[in-house]
Each structure stands twice: as C-alpha cells, then as structure tokens.
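A.B. asks: Have a look at this one before I ask anything.
The values are calculated or read from the model by the stated rules, or taken from the named source; none is laboratory data. Predicted, not measured: the structure shown is a model, and the values here were computed from it. Cβ placement follows ideal geometry from the backbone for every residue including glycine, while neighbour counts extend to all protein chains displayed.
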Amino acid sequence: MRNKKLNIMLMCAIAIALNIVLGIVTSGLKLPLYLDTIGTIFIAVYFGPWYGAAVGGLTNLLTGIIFSPKDIPFLIVSVAVGLIVGFIGRKFKFNFTTALITGLILSIVCPLIGTPIGIWVYGGLTGTGLDFLFIWLKESGNSIFVSSFIPKIINNLLDKIGSCLLVYFLIKALPKQYKPEKYD
C-alpha cells in the first residue's frame, strides 16, 4: 500500500513539473495555446478527479510562488480541469471520442472561469499570440469580457482538445498492464 501511494505521489510530482515546463515553453514562444494542463489531464484520467485537481492546483500555486503571484488565481481553472476530466474518466471509457468531447467541454468551461480572472489580473490579455485579437476586438467597441473571452475560446479549443487527445494517445501507447481500468 505504501509503495502504491509513493508511486502516485511521484507521478503527480512529474505531472506538475511537466505542466510547469510546458507552460514556460509555450509562454516563451508566444504560442496560441497553453499546454500547462497535460500533466493534470493525465493524472485525472489515470487516478481520478481529486488527484487531478490537486495536480492542477499545485501547478498554479508553485508557478505563482516561483515566477509570478498573478498565476495563483488561475488555479481555479486548473482544479476545474482536474475535476472535470477525472469525473468524465471515471464515468466513461477514455477513448478517442471521450477525449475529444472532454476537450470541447474544457474549451468552454475554462474560458468561462478564466476570463474574469484574466480581466482582473491582466486586464484581459492572454499572454499568447492571440493578444492582437483582444486588442482589435476591444478597439472595435466590444466589451472587455467579449474581447477577452473570444481569444480564450480559440486558445482553449486548440489547447484543451489537443491536450486531451495527446493524453489519450499517450495512454494508448502504454502497455496494457499500465492502462487505467476505464480505457479504450
């Protein structure tokens, strides 16, 4: 039992590190996606919603402590990712279709949660290559919420669907004895 818990904790630590590194890389390259929830999604599918939520929350807490306290409020989004993916992964087999639908759900839910936080913390900017779209929408007379929400939807459609499908293919590549129970 002790060995199993130690393995879970080690996997969670690796997932947090992966989230942080991928978040730094995509931010530095100004890519129109985040990739900072791949570890969270993997853990949520593999071990369930509570571990996924913990990995998501700790990722943002650590990036907030290490890099910028402004990242801390976004832990709400990351916790939601862990919970949503984890509960879906528990209820349904995590096959290609489930991964795609989960990514679509996250593509809506994450911006709904993250947009007000992004407006409060960063004035609506996303920190990605789509900030020009925010500025254009705002200058065109749209509200700050709409101007911030639309780029976040685009970012999240690419990011969350891509991340869920990447995790699906990663788990698919694992030997059968290492796959979660509810897997295609």
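A.B. asks: Look at region 6-64 and say how many of its residues are part of a loop (DSSP other than H, G, I, E, B), under 10 Å from the mean Cα position of the chain (by Cα), over 18 Å from Phe169 (Cβ atoms) and modelled with pLDDT of 95 or more.
C.D. replies: Total satisfying the criteria: 1.
Okay, residues lined up against (1) touching a Ser or Thr at 6+ places or on another chain (Cβ under 7 Å); (2) modelled with pLDDT under 95:
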{"position": "Ser68", "(1), (2)": "no, yes"}
{"position": "Ile72", "(1), (2)": "no, no"}
{"position": "Ser78", "(1), (2)": "yes, no"}
{"position": "Val81", "(1), (2)": "yes, no"}
{"position": "Gly86", "(1), (2)": "no, no"}
{"position": "Phe94", "(1), (2)": "no, yes"}
{"position": "Thr97", "(1), (2)": "no, no"}
{"position": "Leu100", "(1), (2)": "no, no"}
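A.B. asks: Another question about this same structure. Going by the conditions given, is Leu106 of a type outside the set (Val, Ile, Thr), touching a residue at least 24 places away in the same chain (Cβ under 8 Å), in contact with a Lys or Arg (Cβ under 9 Å, 6 or more places away or on another chain) and under 20 Å from Gly48 (Cα atoms)?
C.D. replies: yes
A.B. asks: Taking the stated definitions as given, is Lys138 more than 19 Å from Ile76 (Cβ to Cβ), in contact with a helix residue (DSSP H, G or I) (Cβ under 8 Å, 6 or more places away or on another chain), modelled with pLDDT under 90 and surrounded by 15 or more Cβ atoms within 10 Å (Cβ to Cβ)?
C.D. replies: On the way: more than 19 Å from Ile76 (Cβ to Cβ): yes; in contact with a helix residue (DSSP H, G or I) (Cβ under 8 Å, 6 or more places away or on another chain): yes; modelled with pLDDT under 90: no; surrounded by 15 or more Cβ atoms within 10 Å (Cβ to Cβ): yes.
In short, no.
A.B. asks: Return the total of residues in region 109-131 being on the phi > 0 side of the Ramachandran plot and either surrounded by 18 or more Cβ atoms within 10 Å (Cβ to Cβ) or in contact (Cβ under 8 Å) with a residue 24 or more places away in the chain (or both).
C.D. replies: 2
A.B. asks: Okay, next question. Exactly one condition in (1) over 14 Å from the mean Cα position of the chain (by Cα); (2) of a type in the set (A, V, I, L, M, F, W, C); (3) more than 19 Å from Gly127 (Cβ to Cβ) is not met by Phe67; state its number.
C.D. replies: Only one criterion in (1) over 14 Å from the mean Cα position of the chain (by Cα); (2) of a type in the set (A, V, I, L, M, F, W, C); (3) more than 19 Å from Gly127 (Cβ to Cβ) is unmet by Phe67, namely (3).
A.B. asks: Got at least one residue in region 154-173 being in contact with a strand residue (DSSP E or B) (Cβ under 7 Å, 6 or more places away or on another chain) and of a type in the set (Ser, Thr, Tyr)?
C.D. replies: Scanning region 154-173, I find at least one residue that is in contact with a strand residue (DSSP E or B) (Cβ under 7 Å, 6 or more places away or on another chain) and of a type in the set (Ser, Thr, Tyr), so the answer is yes.
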